[in-house]
Amino acid sequence: MDRHRSGALLAAVALAFTGPGLAEAQGNGHKAYKASPGHASTVVQEVLDQHGWTFVKFEDRGADRIVYYRRGNRGRGKGLGPMESFVIRRVDRQVVFVDVPDVLLVDIDVRLKL
């Protein structure tokens with residue numbers, strides 16, 4: 001009986017310590033950079049093109065710039081695939097990327113830190 005309680009207690013403690021850490025490690029698509037919005041927009045277009053995705057348009061809404069793109073059909077026939085979006089937000093003298101796919105965020109990170 002004590003063996004089962006200690007095992008359950010150990011599992012609960014392990015879950016408590018690793019739960020938030022795993023969520024943080026996966027990222028949430030929010031990343032801030034000291035770059036101009038124009039430079040950030042150029043980098044986004046280049047990265048989308050590098051991955052074979054189609055840039056559709058930018059839409060400015062106050063301090064936010066919405067980026068619309070298409071991933072493509074991913075081998076499922078003809079067509080461009082559904083339109084998707086993420087946000088480039090201007091905060092003070094930084095740009096913050098919100099809800100960006102991790103695949104793109106890695107390359108954006110490399111290019112904006114250069």
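The values are calculated or read from the model by the stated rules, or taken from the named source; none is laboratory data. Because the structure is a prediction, the values reported are computed rather than measured. Heads up, the Cβs are rebuilt from the backbone with ideal geometry, glycines too, and the neighbour counts pull from every protein chain shown.
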Please work out which one of (1) at pLDDT 95 or above; (2) surrounded by fewer than 13 Cβ atoms within 10 Å (Cβ to Cβ) is the condition A14 fails and give its number.
(1)
Identity of the residue in the stretch 40-71, more than 18 Å from the chain's Cα centre (by Cα) and outside any strand (DSSP E or B), that ends up modelled with the lowest pLDDT
A63
Pairs under 9 Å by beta carbon, first residue at positive phi in the stretch 92-103, partner assigned to a strand (DSSP E or B) and surrounded by 12 or more Cβ atoms within 10 Å (Cβ to Cβ), six or more apart or different chains?
D99/S85; D99/F86; D99/V87
